[in-house]
Amino acid sequence: METIIKNTNEDDAFTKAKEILTAGGLVAFPTETVYGLGGNALDPSASAKIYAAKGRPSDNPLIVHISDKNDVYKLAEDVSEAAEKLMDAFWPGPMTIIFKKKDIVPKETTGGLETVAIRMPSHPDAARLISESGLYIAAPSANSSGRPSPSTAAHVIEDLSGKIDMILDGGPVDIGIESSIIDMSGDTPVILRPGFITKSKFEEIIGTVAIDKAIISPDSGIKPKAPGMKYTHYAPKGTLTIVESENDPSSISTNVINEINRLTKDAETANENVVVLTTEENKDKYICKNIILLGKTSSSSEVAKNLYSALRKCDDLGAKIIYSESFYHDELGGAVMNRLLKAAGQRVIKV
Ligand code: TXA
Ligand code: MG
């Protein structure tokens with residue numbers, strides 16, 4: 001299949017995208033979080049194509065994207081007052097809500113679940129694509145399953161060119177990590193995936209919110225409530241290890257730097273290709289030849305924005321061994337660490 005690539009400011013970009021989506025095809029598009037791989041959410045065969053293009057297990061449900069808050073009532077049952085408060089506070093934006101689904105949402109889209117994940121993105125290109133196509137758009141992140149989510153159209157091309165009908169290039173995304181997911185289908189609200197909208201922002205609007213236990217203790221063997229959270233995601237091909245301070249993981253101590261330098265020396269002596277992930281503040285403290293910068297330690301939003309390109313760059317550099325600092329600067333830093341720990345298969349050295 002030849003993949004059409006169009007900049008979102010080309011005149012016919014959205015008409016072509018609409019044609020493809022209406023005919024059951026797939027279009028990748030930018031959102032404020034990461035690029036999504038879109039198909040008609042009410043068409044089971046479009047969902048099947050999405051799973052096939054990504055190589056994604058079919059028990060991992062898709063998020064349905066809407067461009068009008070009222071569409072929620074067409075797709076979901078039992079929309080609570082608390083959920084409506086969240087919709088008013090954070091939509092359009094980087095928040096996905098889980099509801100009980102209505103029958104029109106096919107099981108193929110929800111991975112067999114009785115619930116549906118819904119998000120109204122704020123990116124103008126995403127909003128335009130959804131409203132002009134007149135469809136609800138099922139869209140997972142537009143990466144091959146297991147690879148880091150795409151923050152540029154080039155990442156989508158790397159993973160999916162030849163496997164999907166079209167890629168809309170709207171430039172690099174703004175946030176860089178996927179939306180926060182909050183489950184409002186049960187008695188109490190539960191965060192299933194941390195993101196830009198943090199626990200304290202949710203709690204400002206609706207009071208106490210729980211976090212899925214599987215996120216708090218990833219080593220506990222507890223099954224995550226969001227099926228996709230159980231997979232080792234985002235992993236670069238090399239072995240990634242996080243090194244952090246035992247006493248205060250949110251600050252990079254001399255011990256951390258010394259340990260990364262000691263490990264780098266050992267690996268380089270053994271002729272291994274080593275990469276260190278760090279920030280502006282610390283970059284000159286490492287002996288490693290390959291340094292990848294994630295922005296400033298003091299800005300979790302910069303680190304979030306650069307994280308997935310950095311993980312892809314590790315592969316481009318052929319890194320065999322990767323060491324990273326941790327980035328628990330604030331709550332958003334915590335969401336970044338959720339992704340980084342997965343990429344590291346939860347490997348952490350505490351010094
Ligand atoms: O920011 C985002 O959310 C991006 C953009 C494209 O919108 N999309 C995205 O989709 O990250 P995906 O498919 O890569 O991640 C969706 C996550 C998966 O972990 C999936 O298991 C979970 O949402 N999910 C979807 N429907 C669910 C449901 N009904 N119940 C629990 N978890 C669900
Ligand atoms: Mg994904």
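The values are calculated or read from the model by the stated rules, or taken from the named source; none is laboratory data. Note that the structure is predicted; figures quoted are calculated from it, not measured. Cβ: placed from backbone, ideal geometry, glycine included. Neighbour counts: every protein chain shown. Only protein heavy atoms, including side chains, enter the accessible area calculation; ligands, DNA and RNA are left aside. Shrake-Rupley method; radii C 1.70, N 1.55, O 1.52, S 1.80 Å.
How much of the accessible area of region 1-155, probe 1.4 Å, is carbon plus sulfur, in whole percent?
Solvent-exposed carbon and sulfur of region 1-155 make up 50 percent of the total.
Taking the Cβ of Lys100 as the centre, find all other residues whose Cβ is under 13 Å away and add up their charges (Lys, Arg: +1; Asp, Glu: -1).
Net charge in that neighbourhood comes out at -4.
Tally up the carbon and sulfur contribution to the accessible surface of region 183-222 as a whole percent, 1.4 Å probe, everything protein left in place.
It is 52 percent, rounded to a whole number.
Per residue of the chain, what 222 nm ellipticity follows from adding -39500 (n - 2.57) for every DSSP H run with n ≥ 4, rounded to the nearest 500?
The per-residue figure over the chain is -9500 deg cm²/dmol.
When the Kirkwood hydrodynamic radius is evaluated over all pairs of different C-alpha atoms of region 239-350, what value in angstrom, to one decimal, is obtained?
Result for region 239-350 stands at 13.7 Å.
In the Gaussian network model of the chain, springs joining C-alpha atoms below 10 Å, which of Ala139, Ala82, Ala46 carries the largest mean-square fluctuation?
Of Ala139, Ala82, Ala46, the most mobile in the Gaussian network model is Ala82.
Where a ≥ b ≥ c are the square roots of the eigenvalues of the C-alpha gyration tensor, would you call region 4-216 rounded, which needs a/c under 1.5, or, failing that, prolate if a/b is larger than b/c, or oblate?
prolate
Where Lys and Arg each count +1 and Asp and Glu each count -1, what net charge lies around Lys265 among other residues with Cβ under 12 Å from its Cβ?
Value of the local net charge: -2.
Work through the residues other than Ser80 whose Cβ is under 11 Å from its Cβ and net out their charges, Lys, Arg +1 and Asp, Glu -1.
Counting the neighbours of Ser80, the net charge comes to -3.
Give, rounded to the nearest 20 debye, the magnitude of the charge dipole that the chain has about its Cα centre when Lys and Arg contribute +1 at Cβ and Asp and Glu contribute -1 at Cβ.
840
Determine the per residue accessible area of region 239-350 with all protein chains present and a 1.4 angstrom probe, expressed in square angstrom.
So region 239-350 comes to 43 Å² accessible per residue, rounded to a whole number.
Among Asp212, Asp68, Asp316, which one moves the most in a GNM of the chain with springs linking Cα atoms closer than 10 Å?
Asp316
For region 239-350, which whole percent of the accessible surface, found with a 1.4 angstrom probe, sits on carbon and sulfur atoms?
Carbon and sulfur together cover 46 percent of it.
Among all the lysines, which ones have a C-alpha under 25 Å from Lys6's C-alpha, if same-chain residues fewer than 8 places away are not counted?
Straight-line reach from Lys6, under 25 Å: Lys16, Lys18, Lys49, Lys54, Lys163, Lys305, Lys313.
Nearest 5 is fine: what % of DSSP beta bridges in region 4-216 come out antiparallel, could you say?
Bridges in region 4-216 are about 55 percent antiparallel.
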